[in-house]
1. I'd like to compare A:27-40, A:3-16: which one has the highest average count of other Cβ atoms within 10 Å, and what's the full order after that?
2. I'd like the trypsin sites (Lys or Arg not before Pro) in the range A:86-148 restricted to DSSP loop residues with at most 16 other Cβ atoms within 10 Å, sorted by number.
3. Among DSSP beta bridges lying fully in the protein assembly as shown, give the percent that are antiparallel, nearest 5.
4. What FRET efficiency would be calculated for the residue pair A:GLN121, B:MET1, taking the C-beta separation as r and a Förster radius of 30 Å, to the nearest 0.05?
5. Provide Rg over Rh for the range A:48-148; use the alpha carbon set for both Rg and the Kirkwood Rh (inverse mean inverse pair distance).
6. Hey, what D do you get for the range B:2-115 in µm²/s if you plug the Kirkwood alpha-carbon radius into Stokes-Einstein at 37 °C and 0.692 mPa s?
7. Using alpha carbon centroids, what distance separates the range A:126-148 and the range B:33-93, in Å?
8. Taking the simple approach of a point 7 Å from Cα along Cα-to-Cβ for both A:VAL110 and A:ARG54, what is their distance in nm?
Amino acid sequence: MDEKDIQVLIDGTVNYFHRVVDKSTEVGTPYLADHAEVVVSDFTGIIGISGARRGSIYFTAPSAMLSHILLKQGETDRSPDLMADIVGEVANTISGNARRAFGQEFMISVPTVLQGLAARQKLSLADRAFVIPISWKQYRAALVVSLT
Amino acid sequence: MKILIVDDSQVIRNRIQRAVGHRKFQQILTAANGREAIEVFKRERPRVVTLDITMPEMDGIAATAEMVRTDPGALILIVSAISDKPTAIEALKRGAHGFLLKPFTDQQLTDALQMLIKGL
């Protein structure tokens, strides 16, 4: 992955949050993931990537943030099932949007959702994985890009 | 007129349902994957379908082709995050009538549906 590739995913993240959540959402400067302490929050939506690039893209966020995102989508039901649904949908939308730049060979899977810190054991990161930090109100989330 | 909303995300199904609920559709049907969508489509024969692409069991492109084979008059709007041109062209070739990119606003959705059914 080079800087241009990362920028595509930063732009996709900004577009999603500004359009769906709130224009005050801030997408920070990406940094290299620490393999000793994989970034995970309450819910993690993972998209498997195959084709010309391989690996995964995951979005991880705290329940309170997902609850607010559901509210923004007009949901009155903010159960764990819907939190799992929306965390997968965010990962799916940002990954799918990246195909405009990456092309058809950037193949994305349906989302897999993991709950809690147990996700840490199940995630394996590429040698150079990047964390794109996202902040909205008092909440902190991240898009993690692990591609070869 | 019936509408079938197909997406593996319940949040998206609910959102589309709320956006179209007060419009001219007498019955709103939903399905969570392509295979389930085909079953509902064959049984209920909705005139309008909104269809995601990336779904378990059967994707939206294959489901589009099957629906058009069953009823060439079906009006199909693809609602997907998949944003590359070849995929959009493939969906249109298989018989879809429109393409709405996620994330979308309620206004964009209602505009896309209006365009779809304006000839009716």
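1. The packing order, highest mean first, is A:3-16, A:27-40.
2. A:ARG128, A:LYS137
3. For the protein assembly as shown, the DSSP antiparallel bridge percentage is about 65.
4. 0.05
5. Reported Rg/Rh, Kirkwood definition of Rh: 0.97.
6. 242
7. Rounded to whole Å, the Cα centres lie 33 Å apart.
8. 2.4
Values quoted throughout were computed directly from the atomic coordinates according to the rules given, and no laboratory measurement underlies them. Quick caveat, the model's predicted, so the values are computed rather than measured. A quick note on method: Cβ atoms are made from the backbone with ideal geometry, for glycine too, and the neighbour counts reach across all protein chains shown.
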